[in-house]
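The values are calculated or read from the model by the stated rules, or taken from the named source; none is laboratory data. Not measured: the values here are computed from a predicted model. Heads up, the Cβs are rebuilt from the backbone with ideal geometry, glycines too, and the neighbour counts pull from every protein chain shown. To get the accessible areas, we keep the full protein, side chains included, count just its heavy atoms, and leave off ligands, DNA and RNA. Shrake-Rupley method; radii C 1.70, N 1.55, O 1.52, S 1.80 Å.
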Number of protein chains: 2
Amino acid sequence: MTMSIRIEKSGALKPKPDEDKLGFGSYFTDHMFLMNYDTDKGWHDARIVPYAPLQFDPAAMVFHYGQAIFEGLKAFRTNDGRILLFRPDKNAQRFNRSCERLCMPEIDEETFVEAIRAIVRVEADWVPAKAGASLYIRPFIIATEPALGVRPSKSYLFAVILSPVGNYYGEGLKPVNIRVESDFVRAVRGGIGNAKTAANYVGGLKAQEIAAADNCAQVLWLDGVERKYIEEVGSMNVFFKINGKVITPALNGSILDGVTRQSVIRLLEEWGIPVVEAKIAIDDVLAAVKDGTLEEAFGTGTAAVISAVGGLHANGSMHVINRGEIGELTSRLYDAITGIQAGKLEDSLGWTVDCG
Amino acid sequence: MTMSIRIEKSGALKPKPDEDKLGFGSYFTDHMFLMNYDTDKGWHDARIVPYAPLQFDPAAMVFHYGQAIFEGLKAFRTNDGRILLFRPDKNAQRFNRSCERLCMPEIDEETFVEAIRAIVRVEADWVPAKAGASLYIRPFIIATEPALGVRPSKSYLFAVILSPVGNYYGEGLKPVNIRVESDFVRAVRGGIGNAKTAANYVGGLKAQEIAAADNCAQVLWLDGVERKYIEEVGSMNVFFKINGKVITPALNGSILDGVTRQSVIRLLEEWGIPVVEAKIAIDDVLAAVKDGTLEEAFGTGTAAVISAVGGLHANGSMHVINRGEIGELTSRLYDAITGIQAGKLEDSLGWTVDCG
């Protein structure tokens, strides 16, 4: 790795928050990684500087035309004091796929991972020791050129900020309810649903408010064409265990290719549990709840890891899954992934990367 | 109007750009209007201050989850030295519809218009005198709360920035070619296609690059479900004159409700020219080009006003419209709207608002 990173340390470090009360995405560490892009110089001026507000021209294109992509991954503290990243290469690859879709400049995989390792090393004291807690890592690129007119920006900022986090849901590990959304649509084939961009989240806020009013933590999105097939949950991919087999929506261009999703599929294969990626009609899932063949449902995502789904709210009523309890396979997957992430279980698949 | 606006004048005014070389959205004036929102105080601290970079926390939610809406309108200098806005109430109303869809706080119509009048009055010297040039006005709201986690922000910034502009297209008033996009999709029913948000533009950049390679200035979007019906052009609504009748896609929830579109429909009604809003299949339009019944096509939008479409690129070839020339009705509409906007024609419909 040849990237040279200038490091400017903060003179006044913040007090660390109570690890029992981290919540999600509320605290930020003392430093951040920054790097600029312009068409003449490419990516340049890699630096780690004190976390502080950034200056942007009010005409910066990110505010007007939405060129903004991000990733989310986590750093974990092991019992023997090492700090591990979980599959950062997968985030790097998806980051670049998002860049390509949104006409933004890519960052080579090695540079992306090295930037993250470097900032996490500087902020090592911020990686929580508490089980279930971690340091959430948010790399993002935004368009900075000050110009109005719809076209790709000529300048960008790449930043990596860090936030010590606990559970994503207030419910902790308790199963969450999910509301099947039949009016609003998240994404459609030919759109940008498989890019990790700010633009994919804003449209879902209204559906999320409606879901909350129905006692649901998240929205289950259906496809935009037929409004019949399951796509994903607000911030997770989704899996169902029906009659001993696990099924998850196939990647169709409008679904996010989740790193935890990939990891779950791989683990199930390792364990010899049947798993398929396919088109899944919501009606078939609801029928399986009714006839008792739907054994478990869970969401997967970096923020929530593995989250049991306790109920599907559809057609005005709640369809309870597995008596609203965490299923056996859901638990096993949660334990396996968090165990590998925290270095408690053997990482036979080579998923973790040491930050040291 | 009871809003009190604090005004801080810039000590160093910029030189004004050459009115013959304005382009679009490249120059910004000396001041901007700002106002903040938080859940406790609502909208507060209305102020006009020197145009300058703004500070944002790197975790500001606009960068991550896309809460960003905007409007575009113009101020025109009349021959007798007055400054006119064109239907700012329509922009205010659409601004609030966008806010509602994206779970952002609305700004009452009167405040919105008064903010614009106030900043334009301060920047009166920046309103170009040259025919066809104007002062483009960009009001926008962005989410500023520093937090990760998908939910509406608790704080926002409303800003109005100003840019003296010439023609939107490099081509000037010359007809532009439009490429019919059959792979990528802009928006779908149930999505956010009818909100004026940054999120609706970023997905189109790739299609726009492909269009440019086919010698087209813009993309013609088809519906996301059947990919058969015309929706809109990249930054314009679109009209066709077929057999003496004018037709434009009906507002279906995924199309932007353009102010120029509304104005064109109203003018055509005034003039006794048949105009309908309907579902329009691209195949029917291409057939009308072929059999010679398609007389004219034009796009409408604040930036481009009325822009003749000289050719539709579809299925690998260019279908030339009206021999690639500006049609009679297109010209008449352009003259009428720009005439009313600049105070050269009588404003019998009460569309202009004096900034004085």
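How many residues does the stretch B:218-230 hold that are more than 11 Å from chain A (Cβ to nearest Cβ) and open to solvent by 10 Å² or more (accessible area, probe 1.4 Å)?
Result for the stretch B:218-230: 2.
Which one of A:Ala129, A:Ala124, A:Ala115 is closer than 14 Å to A:Ala75 by Cβ, touching a Cys at 6+ places or on another chain (Cβ under 9 Å) and in the same structural domain as A:Asp38 (by TED's automatic domain parsing)?
The unique qualifying residue is A:Ala124.
Out of the stretch A:57-71, which residues are buried (at least 20 other Cβ atoms within 10 Å of the Cβ) and facing chain B (nearest Cβ under 8 Å)?
If the condition is that a residue be buried (at least 20 other Cβ atoms within 10 Å of the Cβ) and facing chain B (nearest Cβ under 8 Å), then A:Pro58, A:Ala59, A:Val62, A:Phe63, A:His64, A:Tyr65, A:Gly66, A:Gln67, A:Ala68, A:Phe70 are the ones that fit.
Please state which one of A:Asn237, A:Asn215, A:Asn194 is at positive phi and more than 8 Å from chain B (Cβ to nearest Cβ).
A:Asn215
Does A:Phe76 qualify as being outside any helix (DSSP H, G or I), under 18 Å from the mean Cα position of the chain (by Cα) and facing another protein chain (nearest Cβ under 9 Å)?
Spelling it out, it is not the case that A:Phe76 is outside any helix (DSSP H, G or I), under 18 Å from the mean Cα position of the chain (by Cα) and facing another protein chain (nearest Cβ under 9 Å).
Those residues that are buried (at least 24 other Cβ atoms within 10 Å of the Cβ) and either over 14 Å from B:Ala195 (Cβ atoms) or touching a helix residue (DSSP H, G or I) at 6+ places or on another chain (Cβ under 7 Å) (or both), I need them from the stretch A:183-192; list them, please.
Selection gives A:Arg186, A:Ala187, A:Val188, A:Gly191, A:Ile192.
Residues of the stretch A:194-236 being β-branched (Val, Ile, Thr) and in a strand (DSSP E or B), which ones?
A:Thr197, A:Val219, A:Ile230, A:Val233
What are the residues in the stretch B:255-290 that are assigned to a helix (DSSP H, G or I), of a type outside the set (A, V, I, L, M, F, W, C) and either open to solvent by less than 50 Å² (accessible area, probe 1.4 Å) or touching a residue at least 24 places away in the same chain (Cβ under 8 Å) (or both), if any?
B:Thr260, B:Arg261, B:Gln262, B:Ser263, B:Arg266, B:Glu270, B:Asp283, B:Lys290, listed by residue number.
Being surrounded by fewer than 23 Cβ atoms within 10 Å (Cβ to Cβ), at pLDDT 95 or above and either part of a helix (DSSP H, G or I) or not hydroxyl-bearing (Ser, Thr, Tyr) (or both): is that true of B:Val120 here?
no
Could you check A:Val180 against (1) open to solvent by less than 30 Å² (accessible area, probe 1.4 Å); (2) in the same structural domain as A:His31 (by TED's automatic domain parsing) and say which number it fails?
Checking A:Val180 against (1) open to solvent by less than 30 Å² (accessible area, probe 1.4 Å); (2) in the same structural domain as A:His31 (by TED's automatic domain parsing), the one that fails is (2).
Among the residues of the stretch B:151-165, are any at pLDDT below 95 and either assigned to a loop (DSSP other than H, G, I, E, B) or within 11 Å of chain A (Cβ to nearest Cβ) (or both)?
Taking every residue of the stretch B:151-165 in turn, none turns out to be at pLDDT below 95 and either assigned to a loop (DSSP other than H, G, I, E, B) or within 11 Å of chain A (Cβ to nearest Cβ) (or both).
Could you check how many residues of the stretch B:237-254 are farther than 19 Å from B:Ala92 by Cα, assigned to a loop (DSSP other than H, G, I, E, B) and open to solvent by 50 Å² or more (accessible area, probe 1.4 Å)?
Number of matching residues: 2.
For the stretch A:302-314, give me each residue that is assigned to a strand (DSSP E or B) and under 17 Å from A:Leu329 (Cβ atoms).
Once the filter is applied, which keeps residues that are assigned to a strand (DSSP E or B) and under 17 Å from A:Leu329 (Cβ atoms), the stretch A:302-314 yields A:Val305, A:Ile306, A:Ser307, A:Ala308, A:Val309, A:Gly310.
Would it be correct to say that A:Val49 is facing chain B (nearest Cβ under 10 Å) and closer than 22 Å to B:Asp57 by Cβ?
Considered against the rule, which asks whether it is facing chain B (nearest Cβ under 10 Å) and closer than 22 Å to B:Asp57 by Cβ, A:Val49 comes out as no.
Among the candidates A:Leu34, A:Leu22, A:Leu84, single out the residue that is within 9 Å of chain B (Cβ to nearest Cβ), closer than 21 Å to A:Ile137 by Cβ and either open to solvent by less than 10 Å² (accessible area, probe 1.4 Å) or in a strand (DSSP E or B) (or both).
A:Leu34
Can you find, within the stretch B:102-150, the residue that is farthest from B:Lys344 (Cα to Cα) among those that are within 14 Å of chain A (Cβ to nearest Cβ) and β-branched (Val, Ile, Thr)?
Among them, the one singled out is B:Val150.
Just one of B:Thr29, B:Thr39 is touching a Leu at 6+ places or on another chain (Cβ under 8 Å), modelled with pLDDT of 95 or more and among the β-branched types (Val, Ile, Thr); which is it?
B:Thr29
Considering the stretch A:230-254 alone, what residues qualify as being in contact with a helix residue (DSSP H, G or I) (Cβ under 7 Å, 6 or more places away or on another chain) and either free of Cβ contacts under 8 Å to residues at least 24 places away in the same chain or among the hydroxyl-bearing types (Ser, Thr, Tyr) (or both)?
Across the stretch A:230-254, the qualifying residue is only A:Thr248.
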